[in-house]
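These notes are about the structure you will find just below.
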Amino acid sequence: PRTINKYMLVLHAIFKRAQRHFGLTVNPVAGLDRQPMPRSGDFRVLSPEEVDALARAARAGAHRRAPVAPLSEEFQAAHRAQDVQDAAVFVVAAYAGLRLGELRALRWRDVDFAKRLIHVRRAFTLGNEAVPKSGKVRAVPMIDQVLRELDALSRRERFTADSDLVFASPSGSHLDDSALRRRFHATLEHAQIKPLRFHDLRHSFGTLAVQVFPLSDAKAYMGDADITTTMIYVHHVPQHDAAAKLSAAVAQASGTGGLAIDPDRLDAPVSG
């Protein structure tokens, strides 16, 4: 359903442009219904150890195939720069929760090292730069892991001016999202991490954020338009002490003490 809806969105834009500029009278996609996409609440996220392993594999260029012919020093340097930048992209996505379009539009003027904040003001998708998906700008805290990656990138030879892109192509323009995704999946494989989508890096941040911040703050940091979207992270994070908390609440309300259960008996077989 998600793929169908994405294709419908593209087709709708194509026919709308044909209506506007080429005299098409009817948009044949306008009357089609979007496919329902119920949320199961289940998704894959990376643990901090997996994020570290992913970044190490990217930085080492582990996903690259051995070249048929020796590469020039210039090409080798370009590959090393791209590998270091890819590692930073993965870490920022996992620990700051930026969408891919927001990462592609991030500029150095948006990075406040003094206050340890990343200002998310723009997103680059379908060849256009505009406001983020929620329609609002936001600021995201810059944790130590993100700070280290961005600080290292800020010391590269080129593309460090305030107006330059943080994650830039070799020419300084916006990154190609398809090529970045291919490198991401190849790096996952070489890091021996189970497959997941690039967008799931954002989910990794969401599951951490709801454990640390009030739900309203997590929503603001994620840039979610609706609180119900942020709630999926609350449901995803298990609360292992939930039963104990509920038992204590019932005991307090009823004026009785909690059951004294021998932990050694919890695994004993039930008889009768």
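The values are calculated or read from the model by the stated rules, or taken from the named source; none is laboratory data. Only a predicted model underlies this, so the values are computations on that prediction, with no experimental measurement involved. Backbone-built Cβ (ideal geometry, glycine too); neighbour counts: all protein chains shown. Heads up: the accessible areas ignore ligands, DNA and RNA and are worked out on the full protein's heavy atoms, side chains in. Shrake-Rupley method; radii C 1.70, N 1.55, O 1.52, S 1.80 Å.
Compare the Cα positions of Ala96, Ala13, Ser216 along the charge dipole of the chain (+1 at Cβ of Lys, Arg; -1 at Cβ of Asp, Glu; about the Cα centre) and return the one farthest towards the positive end.
Of Ala96, Ala13, Ser216, it is Ala13.
What list of ³J(HN,Hα) values in whole Hz, one per residue of region 193-199 in order, does the Karplus curve 6.51 cos²θ - 1.76 cosθ + 1.60 (θ = phi - 60°) give from phi, with Gly and Pro shown as x?
The phi angles translate into 10, 4, x, 7, 7, 4, 4 Hz.
State the Cα centre-to-centre distance between region 186-229 and region 30-99 in whole Å.
Here the two parts' Cα centres lie 14 Å apart.
Please get the size of the charge dipole for the chain, origin at its Cα centre, with Cβ charges of +1 on Lys and Arg and -1 on Asp and Glu, quoted in debye to the nearest 20.
So the dipole magnitude of the chain works out to roughly 1100 debye.
Could you tell me which of rounded, prolate or oblate describes region 106-187, using a ≥ b ≥ c as the square roots of the eigenvalues of the alpha-carbon gyration tensor, with rounded for a/c under 1.5 and, failing that, prolate when a/b is larger than b/c and oblate otherwise?
rounded
Under a Cβ-only charge scheme (Lys and Arg +1, Asp and Glu -1), can you give me the dipole magnitude of region 60-206 about the Cα centre, in debye to the nearest 20? Could you put the intermediate results ahead of the total?
Values: 24 positive and 18 negative charges, 101 e Å.
Charge dipole of region 60-206: 480 debye, to the nearest 20.
Considering only protein heavy atoms, what per residue accessible area in square angstrom results for the chain with a 1.4 angstrom probe?
Spelled out: the 1.4 Å probe surface of the chain, per residue, equals 63 Å².
Below 22 Å, Cα to Cα, which lysines can Lys6 reach? Residues fewer than 8 away in the same chain don't count.
Partners within reach: Lys16, Lys133.
What is the sum of charges around Asn5, taking Lys and Arg as +1, Asp and Glu as -1, for the other residues whose C-beta is under 11 Å from the C-beta of Asn5?
+2
Take region 45-174, drop everything but the C-alpha atoms, weight them equally and run the Debye formula without solvent; then report log10 I(q)/I(0) at 0.15, 0.20 Å⁻¹ to two decimals.
-0.74, -1.23
Just to be sure I understand: with springs between alpha-carbon atoms less than 10 Å apart, which residue in Lys133, Lys219, Lys16 has the highest mean-square fluctuation in the Gaussian network model of the chain?
Lys16
Need one number: nm distance between label points at Lys136 and Gln252, each 7 Å from Cα along Cα→Cβ, rounded to one decimal.
3.3 nm
Let me have the 222 nm mean residue ellipticity of the chain computed from DSSP H runs of 4+ only, each contributing -39500 (n - 2.57), with the sum over all residues rounded to the nearest 500.
-15500 deg cm²/dmol
Most mobile of Ala105, Ala96, Ala77 per a Gaussian network model of the chain (Cα springs, under 10 Å)?
Most flexible of the set in this elastic network: Ala77.
Suppose the chain between Asp33 and Arg65 were pulled fully straight at 0.36 nm per residue; how much longer would it get relative to their current alpha carbon spacing?
Extra length available between Asp33 and Arg65 comes to 7.2 nm.
Quick check: residue separation of Asn128 and Arg116 times 0.36 nm, minus the Cα distance between them. What number comes out in nm?
Length gained, Asn128 through Arg116: 1.5 nm.
Per-residue HN-Hα couplings for region 163-174, Karplus 6.51 cos²θ - 1.76 cosθ + 1.60 at θ = phi - 60°, whole Hz, x for Gly and Pro?
Values per residue, Gly and Pro as x: 8, 6, 6, 5, 10, 10, 6, x, 8, x, 8, 5 Hz.
I'd like to verify something in the chain: which complete DSSP H helices, judged by Cα projection on the helix axis, reach 30 Å or more and average at least -1.0 on the Kyte-Doolittle scale?
Span-like helices in the chain: 73-96.
For the chain, which whole percent of the accessible surface, found with a 1.4 angstrom probe, sits on carbon and sulfur atoms?
Numbers: 9670 of 17260 Å².
Within the chain, the accessible surface is 56 percent carbon and sulfur.
Show the residues, 5+ positions off or on another chain, whose built amide H is closer than 5 Å to the amide H of Leu117.
It is Asp112, Met142, by chain and number.
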